[in-house]
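Below is one structure, written out as C-alpha cells; the observations come after it.
Just so it is clear, none of the values below were taken in a lab; they were calculated from the coordinates. Predicted, not measured: the structure shown is a model, and the values here were computed from it. All Cβ positions, glycine included, derive from the backbone under ideal geometry; neighbour counts span all protein chains shown.
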Amino acid sequence: MPRLAVLVSGRGSNFDALRAAIAAGRLHAEIALLASNRADAPALVRARAADIATFASDSRGSGDRAAWDRAFMAAVAAAQPDLIVLAGFMRRLDATAVAPWLGRMLNIHPSLLPKYPGLDTHQRVLAAGDAEHGASVHFVTAELDGGPVLAQARMPVLPGDTPADLAARLLPLEHQLLVAAVAAVASGRCRMQGTAILCGGQILHAPLQL
Ligand code: GAR
C-alpha cells in the first residue's frame, strides 16, 4: 500500500478528503504521517483522533530557514512515504529540501496554473476579470507553484462573486481533484519524468481535467 505523508498548515479539509477517499476504498493508500508547520493546525487534532501519526514544528520565528526545512523534511522522511502531498501547506520549501522528493511530491494550488502562483489567487482572478477559475495539482519543484501540472478542475466566475465565494465554491472541487491526482500517482499510472508527466506511458500534453 503506498504510504502518504500529508503536509498542512491549517484547516486540513483536503487532508480530510484524502482520508475519506481511503476509508471509502476510492484511494488505495495509507496516510503514514500528517505533518504541519503550525503547532496549532486544526488538522493535527483530527489526525490524532484518527490515530494517524503527526509531526508539528512551528516555522514562525524559526530564524534559519534552511535548518528548519532540513529538520522538518527529516521528520517527514522518517515516516518513509512513497508520496508527499502538500495539502494547504503554506510554506515554501527550499530547493535542497525539495530535491530528494522530485517526482514524489504533489501540491494543490487554488488557481489554474501557470496563472497566479503564490498567494491571494481568488482576489487576483477577480481583479483580472477572468471568466474562469480553478485549482491545479502539480509536481513540486524548486520553483514556487511551478512544477509540471498533473490535473486541474475548472469553474466559471459568476457576476458578483467575492474572493470568499470563489474559495467556497472551489473547495469541493479541490477535494475531488486532489484525490484523483493522488490516486493517479500513488497507483503508478502517472509519474514525472524530467519536466514532463507520463500517464499510462504517454506524455501528458495538457493537464488531466477533473
Ligand atoms: C486550499 O484551498 C489549497 O488549495 C490552498 O490552501 C487551502 C487549504 O485548505 N493552498 C495554497 O494556497 C497553497 N499555495 P485546507 O486546509 O482546508 O485543505
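Okay, here's what the table says:
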item	result
Dipole moment magnitude, nearest 20 debye, the chain about Cα centre, only Lys, Arg, Asp, Glu C-beta charged	320 debye
The chain: relative contact order as a whole-number percent, Cα under 8 Å and 6+ apart	19 percent
Euclidean distance between Cα centres, segment 188-207 to segment 1-20, Å	23 Å
Pairwise centroid distance, computed over Cα atoms, of segment 96-114 with segment 134-157, Å	9 Å
Three-way shape call for segment 57-112 based on the alpha-carbon gyration tensor, with the a/c threshold at 1.5	oblate
Net +/- balance of residues flanking residue 139 in space, Cβ distance below 12 Å, scoring K and R +1, D and E -1	0
Burial ranking of peptide ranges 22-33, 55-66, 132-143 (average Cβ count within 10 Å, highest at the top)	132-143, 22-33, 55-66
DSSP beta bridges in the chain [antiparallel fraction, %, rounded to 5]	50 percent
The chain: DSSP helices with Cα axial extent of at least 27 Å and average Kyte-Doolittle hydropathy no lower than 1.6	none
Prolate/oblate/rounded label for the chain (Cα gyration tensor, a/c 1.5)	rounded
Alpha carbon convex hull of segment 123-202, projected area averaged over orientations, nm²	6.1 nm²
